[in-house]
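Colleague: Below you will find the structure I want to go over with you.
The values are calculated or read from the model by the stated rules, or taken from the named source; none is laboratory data. Bear in mind the structure is a predicted one, so any value in this text is a computation, not a measurement. Only protein heavy atoms, including side chains, enter the accessible area calculation; ligands, DNA and RNA are left aside. Shrake-Rupley method; radii C 1.70, N 1.55, O 1.52, S 1.80 Å.
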Amino acid sequence: MQTIYFVFGNKRTLLKDVVDTSIAGDTEPVATMDREWFRAACAAPTAAEQLRAHVRGTCEVLGRVAPIMPLIAAAAATDPEIAAQWPGGQDPRHTVQHAAARSLTGKPGARPEVTAVKAADLLFGLLSPELYLIFVRDRGWSPETWEDWAYTTLHTRLCTDPAPEVTRD
């Protein structure tokens, strides 16, 4: 226990580090929008290709972080110092989804009537940890099935070409 306190100082710092590491998948101090998977997704030449890569990358992040989100919410509800580590205001997830949406809506194959703001809202809502947990944890879907569903659902709303046929599960 002393080692934990020596390295992290307290439980609040340890929890924040667990969350950050879960989101990133490693201990490197690199923001999500600077991560290779995110940059590669945004560099895809078409809206559909970007969306597929973005949903896949987000699914990987959610597989790591979504299971600990209820713990974080409970801890934040009972400990003001933990709650202060995640201040109010714009959710960082929305910032990431809005950056992805700005890139996606300017590509060939994007629905011209869908604004970056609307696309960001759709990405934010459908690629949420809460929805991921409902389907994967509560309903028993595999992460791959959830990924295919999320991609197909978003593709229908964001892209002009027909949604591809799902071949898994």
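Colleague: How much solvent-accessible surface does residue 107 expose, in Å² to the nearest 10, with a 1.4 Å probe and all protein chains in place?
Modeller: Per-residue accessible area (residue 107): approximately 30 Å².
Colleague: While we're here: Leaving ligands, DNA and RNA out of it, report the carbon-plus-sulfur percent of the accessible area of region 57-161 at a 1.4 Å probe. If you can, show how the numbers build up before the last one.
Modeller: Numbers: 3210 of 5250 Å².
Carbon and sulfur together cover 61 percent of it.
Colleague: When all protein chains stay in place, what accessible area (Å², nearest 10, 1.4 Å probe) is found for residue 72?
Modeller: 10
Colleague: With every protein chain kept in the model, how would you rank 128, 103 by accessible area, 1.4 Å probe, largest at the top?
Modeller: On the way: 128 10, 103 30 Å².
Correct descending sequence by accessible area is 103, 128.
Colleague: Would you check the accessible area of residue 121, probe 1.4 Å, heavy atoms only, in square angstrom rounded to 10?
Modeller: 80
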